[in-house]
1. Might you let me know whether the range 72-80 holds any residue that is under 22 Å from V115 (Cβ atoms), of a type in the set (S, T, N, Q), in contact with a helix residue (DSSP H, G or I) (Cβ under 8 Å, 6 or more places away or on another chain) and modelled with pLDDT under 80?
2. Which condition breaks for M102 when tested against (1) surrounded by 11 or more Cβ atoms within 10 Å (Cβ to Cβ); (2) modelled with pLDDT under 95?
3. Return yes or no: is N29 touching a residue at least 60 places away in the same chain (Cβ under 8 Å) and more than 21 Å from D75 (Cα to Cα)?
4. In the set K39, K24, K66, which member is exposed (fewer than 11 other Cβ atoms within 10 Å of the Cβ) and either at pLDDT 95 or above or among the charged types (D, E, K, R) (or both)?
5. Would you mention how many residues in the range 90-111 are over 15 Å from I11 (Cβ atoms), in contact (Cβ under 8 Å) with a residue 60 or more places away in the chain and in a helix (DSSP H, G or I)?
6. Given (1) modelled with pLDDT under 95; (2) assigned to a loop (DSSP other than H, G, I, E, B), identify the lone condition not met by I130.
7. Going by the conditions given, is L60 surrounded by 11 or more Cβ atoms within 10 Å (Cβ to Cβ) and modelled with pLDDT under 80?
8. For the range 7-28, enumerate the residues that are hydroxyl-bearing (S, T, Y) and within 17 Å of K50 (Cα to Cα).
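The values are calculated or read from the model by the stated rules, or taken from the named source; none is laboratory data. The model shown is predicted, which means the values in this text are computed figures rather than measured ones. Don't worry about glycine lacking a Cβ; one is built from the backbone with ideal geometry, like all the others, and counts go over all protein chains shown.
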Amino acid sequence: MFNRLYSNIDIFNKALDGLWLRDKTINHNISNANTPNYKKLSVNFEDKLKNFMENKSSKLIKTHNKHLPTTNSLDEVKPIINIDKNHSYRFDKNNVNIDIEMANRAKNNIMYNAVINQTVDEFDKIKNVINEGSK
């Protein structure tokens, strides 16, 4: 049971890292909203995290006991920063839409707070197990 709990905490931690980087990137976009030729940045990590959660073990088959382990590592899940070079909303070739960025920041803050609450709930579960076990 503890492995599952710690695994959830590790996944939540990885999600928080991605959400924190996204917040930093959105703030960078907002601060460069009036910079000529600036191209908007975005962060993607959800697909990789979802893939990890769905395929915790590799589909490779171990045919010999001396082969390397085939499990996927959560350390391999890293956020990707993309540069949007396709669109330009203005004559100065800047493609940051401040309204969209502000909405993205609000959405990201809600997601961050939700993951924080889930992480706290996981620690509460561990605390309850410890407290009940000591009785």
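1. yes
2. (2)
3. Answer is yes for this residue.
4. The unique qualifying residue is K66.
5. 7
6. Answer for I130: the failing condition is (2).
7. Considered against the rule, which asks whether it is surrounded by 11 or more Cβ atoms within 10 Å (Cβ to Cβ) and modelled with pLDDT under 80, L60 comes out as yes.
8. S7
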